Amino acid sequence: MYARVITFHLDGITPSEFQAHAVEVAPVFTTWPGLLAKVWIADEDANTYGGIYLFADRASADRSRDTDLFKGIVGNPGFADVSVREFDALDEPTAITAAVFADAHAV
């Protein structure tokens, strides 16, 4: 498995506008082959928003970077200080603590 964490600050849009936008675009993420899950994250007090993505493998994450959706995240003028970090997952302990994802990855 492979993980991506994207964070950003809202710039010129309100938290409620972001929430509405997130609900609107969420179904598009389900079209990314190999994306096992996306968790939407928010810390309104710190004006920090983003997502935690879990992919079946690094190749799936690599392919997602070529999509208009990904390019729209990193290039969105309403998002400031965009940070994209990616990580290899430690499969053995993850299979213990997040078995549902380990099972999906094994399929």
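The values are calculated or read from the model by the stated rules, or taken from the named source; none is laboratory data. Note that this is a predicted model, so its numbers are computed, not measured. Note: ideal-geometry Cβ built from the backbone for every residue, glycine included; neighbour counts use all protein chains shown.
Data table
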{"quantity": "Test: residue in segment 15-35 that is out of contact with any Pro (no Cβ under 9 Å at 6 or more places or on another chain) and in a strand (DSSP E or B)", "calculated": "yes"}
{"quantity": "First in segment 18-31 and closer than 12 Å to THR67 by Cβ and touching a residue at least 40 places away in the same chain (Cβ under 8 Å), second anywhere and part of a helix (DSSP H, G or I) and of a type outside the set (Gly, Ala, Ser), Cβ under 6 Å, 6 or more apart", "calculated": "VAL28/LEU69"}
{"quantity": "Pairs with Cβ under 7 Å, 6+ apart, first in segment 38-60 and surrounded by 13 or more Cβ atoms within 10 Å (Cβ to Cβ), second in a loop (DSSP other than H, G, I, E, B) and of a type in the set (Gly, Ala, Ser)", "calculated": "PHE55/GLY34; ALA56/GLY34; ASP57/GLY34; SER60/GLY34"}
{"quantity": "Enumeration of residues in segment 51-91 that are closer than 16 Å to VAL39 by Cβ, in a helix (DSSP H, G or I) and not aliphatic (A, V, I, L, M)", "calculated": "SER64"}
{"quantity": "Subset of segment 18-37 (residues that are under 21 Å from ALA80 (Cβ atoms) and either of a type in the set (A, V, I, L, M) or in contact with a helix residue (DSSP H, G or I) (Cβ under 7 Å, 6 or more places away or on another chain) (or both))", "calculated": "ALA20, ALA22, VAL25"}
{"quantity": "Cβ pairs under 9 Å, 6+ apart, first in segment 83-107 and within 23 Å of ILE41 (Cα to Cα) and modelled with pLDDT of 90 or more, second β-branched (Val, Ile, Thr) and not in a strand (DSSP E or B)", "calculated": "VAL84/ILE73; VAL84/VAL74"}
